[in-house]
Amino acid sequence: MLAGRPIENGRSSIPSELVWEKGVGMTDYRYKAFISYSWADAKWGKWLHHTIETYRTPRQLIGKLTENGEVPARLHPLFKDREEEAAGSSIGAAVEAALADSEFLIVICSPTSAKSKWVNHEIAWFKANRNPTKILALIVDGEPGSETQECFPKALTHRVDDNGKITDSFIDAPLAADARDSGDGKRMARLKIAAAMLGVGLDELVNREERRRTVRTRVITTASLALAAVMSTLTWFAVEARNEAEFQRNEADGLVEFMLTDLREKLEPVGRLDALDVVGDRALDYYAAQKLGNLDADALGRRSRALLLVGEISNIRGNSEEALKAFTQAAATTKEQLARHPDNEQRIFDHAQSVFWVGAIAYGRGEMEDAEAQFQEYKRLADRLIELDPSNPDWQMESSYAEVNLGVMFREQRRHDEAEPSFSNALSRVELVAKKEDYDSGRQTEIGQILNWLAQTKDAIGKYRESLSAHQREVKIYEEVLEADGANTEAKNRLSIALQFVGDQQLNLGNIEDAIASYRRSLAGNSELRSLEPDNTEWQETAVRALHVHAELLMYAGQEDASGIELLKAKKLLDRMTAKDPENEIWSQELRLSELALLTQRDLARNNLANAAENSARIATLIDDTSGGAARTRAAVVYQLRGDIYFRQGRPKTAQEMWEKALVVLPENETSAVRYLLLKRLGQTEDALKVAKELDRRGYRHPAYMSER
């Protein structure tokens, strides 16, 4: 940890605004500013980092003397990501070292950052060790002072004592730039931040910027007029000589394709795809004006290729609206090609790709009705390819991909009965291809992935034995891949995860000892992987999840001491993970909630109500009962546990309130042991028996359910 405190006012003849630098005066800093933000606002952090570092100070202001010193030509570098620090150092020490080496602290303000312990810690440290006037705020979401959408972290609006502790003493929040469209907008917010860092007046900077924009606009306007003249000339040629117009159009198409292919290959490795934005915009306008019926086959082909590339680049850049426009135009083009040659397999394939991309963008935007229509059309086109050439393995795989897309989309909407046949069809297609080719580990892994989707879907509709069988097939596939290539870490990881799924189904069917054996195998394989790559957080997360379930299984088996050891292992690993990345919500919330729920369950079994109540109170801060099905099911389980604690404490009314809340939160029409337990506790005996009857029919024998049954 960094030592040193600010010199107390009155103990130095140095002006007070210069005595906040750990007991010294003006300091050279490694960073111009430290950007503090919540992980949920990572896109805003990236934008701010880029927009400030690329800002060029107006030439007339460079070197001007201000209260911040001489005005620099550039405001860089900025510290944004903790990975900029040397690997192996403490994350707390690394962040504090970066804060100490930064002239300014810029806080990205939103409801998520307001709740972030890490953002508050960074502000508090800067206030306690540095000059608070060097803290700048940028609002990106929420409202200052709102009860539900407060965007200012408490450390920003409250006094921080000399020990870095945030007090309850309110102070005025700093003046903030507002990047929202309803506020300053991105451009003005950027100028406000830059003006504060440069130490110049905003009006002065805006005026200089406007003059610079005027000059730039003149240049662009001149170029645009020149381009317009060229386009006018091309139009005249089109009227005068059709062949010459076609030549010019082909040259233009070729130029667009060059910029989106060769130029893209040069720009993508250096992270400058933004330079192609204007090309994409112009290409969309250019192609939108074309009449498809007037284009020959070559021109249509170039048009569709270019539009698909525009869409792909826009998608990579996170501009889904622009990507959707490009892919929609591409689909119109390939549809025209297909209309001219309806039985041409290449034309069908090309159109299928365009349709897929339109559906994929709609799916990513949550527009499920549009996504389903496009995915169904993609499947129809893939099946048409098989009709024309049943022996072509590429067409079989295309149909398999189409079925998987539909299955995943159905699962997300909890339409499991429709997802099951989609995954079954996908599996049949890929297995047919695999039988006709030499053994290929990549193809086998594809089969394993589809089996996993199918097995999870069968579990969701209560086909536990079929789910177990599918997961066991998946395990066998990865074992065979490893027999051929023992160093295949992907197969080892998938095997470890598949064994956990096997254990889950064995638990559902009441086979506790088998489930424990499966989880032990999974943990052994995972341990081997982590010894190869100790810093692989994906494998660490898998280990924590497995340790939690293994601890639960040992609890059911009466092995309480062994269960406690597994929980301790999981806690130590999770503590290390969250120390490295406190903003990872899966680790700090979902996995921590799982840990606390198990501890609460353990304390209840031991009738240790004091500990159970304490853990239950901590759990309450982590519950999210507004998200998707899995999160709501977790929340329902937590509310049930809290109700059980209140009931044991002799507070039946409060217990009933918790159980009723759990029932409301639980996803609708979900037939589960949780629903049975809640209905039983609430005295709704008839409804509880209906759920139990269905669970019994499915062969559900989970020990927690059986103990209540």
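The values are calculated or read from the model by the stated rules, or taken from the named source; none is laboratory data. None of the values given here were measured: they were computed from a predicted structure. Because the Cβ atoms are built from the backbone with ideal geometry, glycine has one as well, and the counts that use them run over all protein chains shown. Side chains included, ligands, DNA and RNA excluded: accessible areas come from the protein's heavy atoms. Shrake-Rupley method; radii C 1.70, N 1.55, O 1.52, S 1.80 Å.
Below are the figures for this structure:
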| item | result |
| --- | --- |
| Asp438 accessible area, assembled protein chains, probe 1.4 Å, Å² | 130 |
| Average accessible surface area per residue within the range 95-170, 1.4 Å rolling probe, Å² | 39 |
| Accessible carbon and sulfur surface of the range 666-709 relative to its total accessible area, %, 1.4 Å | 46 |
| Length gained when the stretch Arg180-Asp417 is fully extended (0.36 nm per residue, less Cα-Cα span) | 81.0 nm |
| 1.4 Å probe accessible area per residue over the range 363-451, in Å² | 48 |
| 25 °C / 0.890 mPa s Stokes-Einstein diffusion coefficient of the range 353-442, Kirkwood radius on C-alpha pairs, µm²/s | 182 |
| Distance histogram for the range 543-617 (every C-alpha pair counted, 5 angstrom bins, percent rounded to whole numbers) | 3, 17, 26, 23, 19, 8, 3, 0 |
| Lysines with Cα under 29 Å of Lys335, excluding same-chain neighbours fewer than 8 positions away | Lys291, Lys325, Lys379 |
| FRET efficiency, Asn607 to Ala373 (Cβ-Cβ, R0 60 Å, nearest 0.05) | 0.60 |
| Potential extension, Leu432-Arg473 segment - 0.36 nm per residue separation minus Cα distance | 13.1 nm |
| Cα gyration tensor, the range 564-709 - rounded (a/c under 1.5), prolate or oblate | prolate |
| Accessible-area ranking of His121, His76, largest first, probe 1.4 Å | His76, His121 |
| Low-density loop positions, chymotrypsin sites (Phe, Trp or Tyr not before Pro), the range 435-534 - DSSP coil, at most 12 other Cβ in 10 Å | Tyr439 |
| Segment Ser146-Asn488, extension gain: residue separation times 0.36 nm, minus the distance between their alpha carbons | 117.9 nm |
| Entries in Lys134/Lys572; Lys115/Lys186; Lys46/Lys117; Lys127/Lys571 that, when Cα-Cα distance is taken, lie over 26 Å | Lys134/Lys572; Lys127/Lys571 |
| Heavy-atom surface of the range 603-709, accessible at 1.4 Å and reported per residue (Å²) | 53 |
| Of all accessible heavy-atom area on the range 346-489, the percent that carbon and sulfur account for (1.4 Å) | 45 |
| Loop-located GluC sites (Glu not before Pro) in the range 663-709, at most 11 other Cβ atoms within 10 Å (DSSP) | Glu668 |
| Reduced Cα scattering model of the range 624-709, Debye log10 I(q)/I(0), q = 0.19, 0.21 Å⁻¹ | -0.83, -1.00 |
| Set of lysines with alpha-carbon distance to Lys476 below 28 Å, sequence-local pairs under 8 removed | Lys435, Lys436, Lys458, Lys463, Lys492 |
| Residues with amide H under 5 Å from that of Leu136, placed H, sequence gap 5 or more | Leu105, Ile106, Val107 |
| FRET efficiency for Glu53 and Thr537, using Cβ-Cβ distance with R0 set to 25 Å, rounded to 0.05 | 0.35 |
